[in-house]
1. Restricting attention to the stretch 56-82, which residues are in contact with a Ser or Thr (Cβ under 6 Å, 6 or more places away or on another chain) and farther than 15 Å from Gln18 by Cα?
2. Which of the numbered conditions does Cys132 fail, given that it passes all the others? Conditions: (1) within 19 Å of the chain's Cα centre (by Cα); (2) loosely packed, with under 12 Cβ neighbours inside 10 Å.
3. I'd like to know if the stretch 10-29 contains one or more residues that are in a loop (DSSP other than H, G, I, E, B), of a type in the set (Val, Ile, Thr) and at pLDDT below 90.
4. Could you give me the residue pairs with C-beta distances under 7 Å whose first residue belongs to the stretch 88-117 and is more than 16 Å from Arg141 (Cα to Cα), whose second residue is of a type in the set (D, E, K, R) and exposed (fewer than 15 other Cβ atoms within 10 Å of the Cβ) wherever it lies, and which are 6+ apart or on separate chains?
5. Determine which single condition Phe147 fails, assuming it passes every other condition in (1) aromatic (Phe, Trp, Tyr); (2) modelled with pLDDT under 90; (3) touching a Leu at 6+ places or on another chain (Cβ under 8 Å).
6. Is it fair to say Ser114 is under 17 Å from the mean Cα position of the chain (by Cα), polar (S, T, N, Q) and not assigned by TED's automatic domain parsing to the domain that holds Ser216?
7. Return the only residue of Leu90, Leu98 being surrounded by 12 or more Cβ atoms within 10 Å (Cβ to Cβ) and either in contact with a strand residue (DSSP E or B) (Cβ under 8 Å, 6 or more places away or on another chain) or modelled with pLDDT of 85 or more (or both).
8. For the stretch 174-181, check the following and say yes or no: at least one residue is touching a helix residue (DSSP H, G or I) at 6+ places or on another chain (Cβ under 7 Å), small (Gly, Ala, Ser) and either touching a residue at least 12 places away in the same chain (Cβ under 8 Å) or in a loop (DSSP other than H, G, I, E, B) (or both).
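The values are calculated or read from the model by the stated rules, or taken from the named source; none is laboratory data. Just so you know, these numbers come straight off a predicted model, no measurement behind them. In this analysis, Cβ positions are derived from the backbone assuming ideal geometry, glycine residues included, and neighbour counts consider all displayed protein chains.
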Amino acid sequence: MGFGVRKLGTRNGLDGKQKIFSIGCAKSGSFTPRGKNIFQLRPSTKTDCKARNNIVVRNDFDFQISSVILQHNHPLSPSNSRHIRSHKVLDPSAQRRLQLNDEAGITLAKSLQSIVVEAEGYDNLKFDERTCQNFISEAMRSRCLNFHYTFDLDEDSRMRNVFWADARCRASYDYFSDVMTFDTTYLTNRYDMPFAPFVGVNHHGQSILLGCGLLSSEDVASFTWLFKA
């Protein structure tokens, strides 16, 4: 119908469990300015709209709508529903595509355009570009927070060996660590340090990266350090 929704309030019973809650228009309530300078107050979209549903909770699986108010005191805009915060839903399929494309270095604009083409137009999407940007930003923060690395130094404090695993590698290891391959003959960099990937297999039979290492040499001490890391 062209309006946002939000949870307005709850009431608990004597047992501490929720007994009543209301879901209503996002423009309900009134705005109380907190700033002291009346010339720099933030604009508000609230209009004290009374449209809402009041719900009584009978038990965990039984709800009863006790009252319904459908009248709004502001214009509705059905054509702009997908831009309303409560209506922006980034489905799991779109999340997966955006995340994989981001990790592959594909720009957000190209990823979004492919989703738009598949949906046959922007108007058929339940989200916008800002929703995608927020999702990618959150995914990047999550990867950084769960990024693990450790390195080995020689007696002159020069880097000798290094191991790292990002959040995706660590999550994959939790699920698919039953079988792993380890091979240092894959490639070397310009410093002639062997690259040592730990590779597993997921439930689709696809190879997945579980962790990586760079070694100064292929001797017992380096391998021992790497496997402990």
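1. Correct list: Asn73, His74.
2. (2)
3. Among the residues of the stretch 10-29, not one is in a loop (DSSP other than H, G, I, E, B), of a type in the set (Val, Ile, Thr) and at pLDDT below 90, which makes the answer no.
4. Taking only residues 6 or more apart or on different chains, the pairs are Lys88/Lys126; Lys88/Asp128; Val89/Lys126; Leu112/Glu129.
5. (3)
6. no
7. It is Leu98.
8. no
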